[in-house]
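Notes follow the structure.
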Amino acid sequence: MTDRSRLRRAAGAVAVVGVGETDYALDHAALRDGKVRSDAYGFAATALKRALSDAGLRLSDIDGLVVGQSTAVERMAEVLAVDPSWSAQADAVNAVIQAAMAIASGLAECVALVYGNDQKSAGTQYGGPNAMGGERFLAYVQYAPWGLTSQGALYAMMANRYMAEAEFTPADLGRIAVGQRRFAEQNANAIMRRPLTLDDYLASRFVCEPLRLFDYCLVNDGGVALIVTTAERARSNPRAVGLAAFARADLSVDATSLRPRLMDYYHDAHRRAAADLYAVAGFGPEAVDSVQIYDSFTTHVPFALEGFGYCGLGEAAGLIRSGALAPGGRLPMNTSGGMLSESYMQGWNHQVEAVRQLRGETGDRQVPGVRHVHYMSDVAGKVSSLMYRRAGA
Amino acid sequence: MTARRPAPPRGLFEDAFWRHLGEGRMCLQRCDDCSSVRYPAAPCCPRCGSEACTWAPVAGSGRVVSWTRFHRQYFAEMPPPYLVVSVALDEGPMVVGNLLGDQATDPAIGAPVRLRLQTVETAAGRLDLPQWELAAAEDTAKTEKR
Ligand SMILES: [Zn+2]
């Protein structure tokens, strides 16, 4: 049983004081010309320098380190030249949660969260004979004899069942991709900025039916870093962004057989995480101004929105068709363009976007009057969520 | 000519699964203590924790949970298009296979299917793959009566 009063104290104990990213679009263009700018560790190092500069801190201030899953903890610390008092490895959302846990428990006071990935230049395979991830998620490799290995194919099966059950069409998936592309058009660091129409989407080729090319995220190189420190240290910093709550709920029983994925769309975990998150934050979807959703595929969007109560089960199409999620809507989603159009940083770039939105630093795509940004992730049924809040909100 | 397929990952407990298929039947582990049937193979029962189990044959019938049609080629051995289905077995567990037959028609969610073994060659040797085909109407009636 979770203890919501402790969770509230832990979330309230920390703030994000610095963010940094690599030049996704420039680096991607360079790679197309055959120039490999760096490796996973180098991209992470660049992002960390930028995050430290953004925070007005130096490397010597760092006493905690969380690295993403595409790099090794020891090698990252060695390359960055830090010997922290505490270190860990985690995906994007759990990096923030682990940093909060470390700070709340006293293991560290100023934690660098760093991610680097050279998946494009290194040719990382997300399916086929050398599919990544099988050591963590057996379902990614278990069904190779039947030709089923890619994560996209698993999401395609979710989509087909969902579309048979709900009033949801392939064009609704397309509207997600089109809406995010419109945000990317307003983001100079986004890789995909060419306008995308629903007709373009519907004319694009299938990969794993019903999913098309534009339902899939990009594959590119890059790095992201965040600096998380104590709320006391951040108190006088008007650019600090706080955490109103974090929450997590797992579904792993029967995961390899795909049961929680196909029979439940991970809603049991969505509901458990949402209940904790909203209770700890003291507010729910009604007070959220923008959502950031882990979007390796468009299909994540309806499941997360329904699971976290932004609409009823099976009703995501209505929310999407209303335009609420697109630029100018009442619930702008993945406002950087997300992983479909900005950069595939496995959820890390969403954290940077949430922070910059709450600082009011996102230019043309700025959500007016934003107080709370909600991040949702449900990779492989491990649902994790963060509620960011503006300083003073 | 025997079709070529990618080899499956093989843990200690998978060998019996493939050996039984090689003998012409699909068997899953049934817990000796609580009778629950599990897939994939595992060292202990996910319902009661018992390590005691018996490999028991399944009836070979189930229903389509969902499907996808591959249009991109991921394996040299498997040119697209091909259909992959998730099937809920009558015994409870869910398995994955290819839907044999017409690859151009979308299978209906909930459609009854029957097991058919397909002999294939893999880098790790010959295997009998559990595959699925849409059950004929009279099979469906039988399944429902049972
Ligand atoms: Zn048992």
Checklist entry - If you scan segment A:100-128, which residues turn out to be assigned to a loop (DSSP other than H, G, I, E, B) and of a type in the set (Val, Ile, Thr)? => result A:Thr124
Next on the checklist: Against the condition in contact (Cβ under 8 Å) with a residue 60 or more places away in the chain, assigned to a helix (DSSP H, G or I) and surrounded by fewer than 20 Cβ atoms within 10 Å (Cβ to Cβ), how does A:Arg193 come out, does it pass?
Outcome noted: no
Next on the checklist: within 9 Å of chain A (Cβ to nearest Cβ) and assigned to a strand (DSSP E or B): is that true of B:Thr54 in this structure?
Outcome noted: no
Next on the checklist: I'd like to check something: does segment B:66-75 contain any residue that is more than 24 Å from B:Leu99 (Cβ to Cβ), part of a loop (DSSP other than H, G, I, E, B) and either assigned by TED's automatic domain parsing to the domain that holds B:Ala111 or without any contact (Cβ under 8 Å) to a residue 40 or more places away in the chain (or both)?
Outcome noted: no
Next on the checklist: Taking the criterion of being away from every other protein chain (no Cβ under 12 Å), more than 16 Å from the ligand (Cβ to nearest atom) and in contact (Cβ under 8 Å) with a residue 60 or more places away in the chain, would at least one residue in segment B:88-107 satisfy it?
Outcome noted: no
Checklist entry - If you go through segment A:205-217 one residue at a time, how many are out of contact with any His (no Cβ under 8 Å at 6 or more places or on another chain) and buried (at least 16 other Cβ atoms within 10 Å of the Cβ)? => result 7
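Please go through segment A:80-92 and give me each residue that is of a type in the set (A, V, I, L, M, F, W, C) and either in contact with a His (Cβ under 9 Å, 6 or more places away or on another chain) or more than 24 Å from A:Val355 (Cβ to Cβ) (or both), ordered by number.
The answer is A:Ala81, A:Ala92.
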Next on the checklist: Looking at segment B:23-35, I want the residues that are within 15 Å of B:Gln118 (Cβ to Cβ) and within 14 Å of another protein chain (Cβ to nearest Cβ) and have a partner that is of a type in the set (A, V, I, L, M) and more than 7 Å from the ligand (Cβ to nearest atom) with Cβ atoms under 7 Å, at least 6 apart or on another chain. Which pairs are those?
Outcome noted: B:Met26/B:Val58; B:Met26/B:Leu115
Checklist entry - If you check A:Ala44 against the conditions, is it within 18 Å of A:Glu109 (Cβ to Cβ) and either touching a residue at least 12 places away in the same chain (Cβ under 8 Å) or out of contact with any strand residue (DSSP E or B) (no Cβ under 6 Å at 6 or more places or on another chain) (or both)? => result no
Checklist entry - Applying the selection to segment B:120-129, what residues are out of contact with any Leu (no Cβ under 6 Å at 6 or more places or on another chain), within 10 Å of chain A (Cβ to nearest Cβ) and assigned to a strand (DSSP E or B)? => result B:Thr122, B:Leu127, B:Leu129
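Output yes when any residue across segment A:19-30 is small (Gly, Ala, Ser), touching a strand residue (DSSP E or B) at 6+ places or on another chain (Cβ under 9 Å) and more than 30 Å from A:Arg194 (Cβ to Cβ), and no when none is.
No - not one qualifying residue is present in segment A:19-30.
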Item to check | Filtered residue count, segment A:88-99, keeping only those that are outside any loop (DSSP other than H, G, I, E, B), surrounded by fewer than 21 Cβ atoms within 10 Å (Cβ to Cβ) and small (Gly, Ala, Ser) | outcome: 1
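To keep it simple, each residue is scored yes or no on (1) in a helix (DSSP H, G or I); (2) touching a strand residue (DSSP E or B) at 6+ places or on another chain (Cβ under 8 Å); (3) not charged (D, E, K, R).
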residue: A:Met163; (1), (2), (3): yes, no, yes
residue: A:Asp172; (1), (2), (3): yes, no, no
residue: A:Val178; (1), (2), (3): yes, no, yes
residue: A:Cys208; (1), (2), (3): no, yes, yes
Checklist entry - Taking into account only those residues within segment B:36-46 that are touching a residue at least 24 places away in the same chain (Cβ under 8 Å) and over 12 Å from the mean Cα position of the chain (by Cα), which is surrounded by the most Cβ atoms within 10 Å (Cβ to Cβ)? => result B:Arg38
Checklist outcome for this item: Restricting attention to segment A:55-87, the residues that are within 18 Å of A:Val228 (Cα to Cα) and not in a loop (DSSP other than H, G, I, E, B) number exactly 14
Checklist entry - Pick from A:Lys35, A:Lys49: which is farther than 14 Å from A:Gly116 by Cα and in the same structural domain as A:Tyr115 (by TED's automatic domain parsing)? => result A:Lys35
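Which one of these is of a type in the set (Phe, Trp, Tyr), modelled with pLDDT of 95 or more and in contact with a helix residue (DSSP H, G or I) (Cβ under 7 Å, 6 or more places away or on another chain): A:Phe308, A:Phe283?
Residue meeting the stated conditions: A:Phe308.
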Checklist entry - Which of the residues spanning segment A:210-223 are assigned to a loop (DSSP other than H, G, I, E, B) and within 14 Å of chain B (Cβ to nearest Cβ)? => result A:Pro210, A:Val219
Checklist entry - Got at least one residue in segment A:224-233 being assigned to a loop (DSSP other than H, G, I, E, B) and within 30 Å of A:Met76 (Cα to Cα)? => result no
Checklist entry - When residues of segment A:130-170 are filtered for being touching a residue at least 24 places away in the same chain (Cβ under 8 Å) and within 10 Å of chain B (Cβ to nearest Cβ), how many remain? => result 17
Checklist entry - What is the residue count in segment B:1-35 for residues that are over 22 Å from A:Ala139 (Cα atoms) and within 16 Å of the ligand (Cβ to nearest atom)? => result 5
Checklist entry - Which ones in segment B:36-51 are within 11 Å of chain A (Cβ to nearest Cβ) and near the ligand (Cβ under 7 Å from one of its atoms)? => result B:Arg47
Checklist outcome for this item: If we keep only residues of segment B:52-78 that are within 16 Å of the ligand (Cβ to nearest atom) and of a type outside the set (Ser, Thr, Tyr), then the residue nearest to B:Glu14 (Cα to Cα) is B:Trp55
Checklist entry - Is it true that A:Leu173 is within 20 Å of A:Arg205 (Cβ to Cβ), more than 9 Å from chain B (Cβ to nearest Cβ) and touching a residue at least 24 places away in the same chain (Cβ under 8 Å)? => result yes
Checklist outcome for this item: Screening A:Arg261, A:Arg271 for residues that are within 14 Å of chain B (Cβ to nearest Cβ), among the charged types (D, E, K, R) and part of a helix (DSSP H, G or I) leaves only A:Arg261
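The values are calculated or read from the model by the stated rules, or taken from the named source; none is laboratory data. From a predicted model like this one, the values you see are computed outputs, not experimental measurements. FYI the Cβ positions are ideal-geometry reconstructions off the backbone, even for glycines, and counts take in every protein chain you see.
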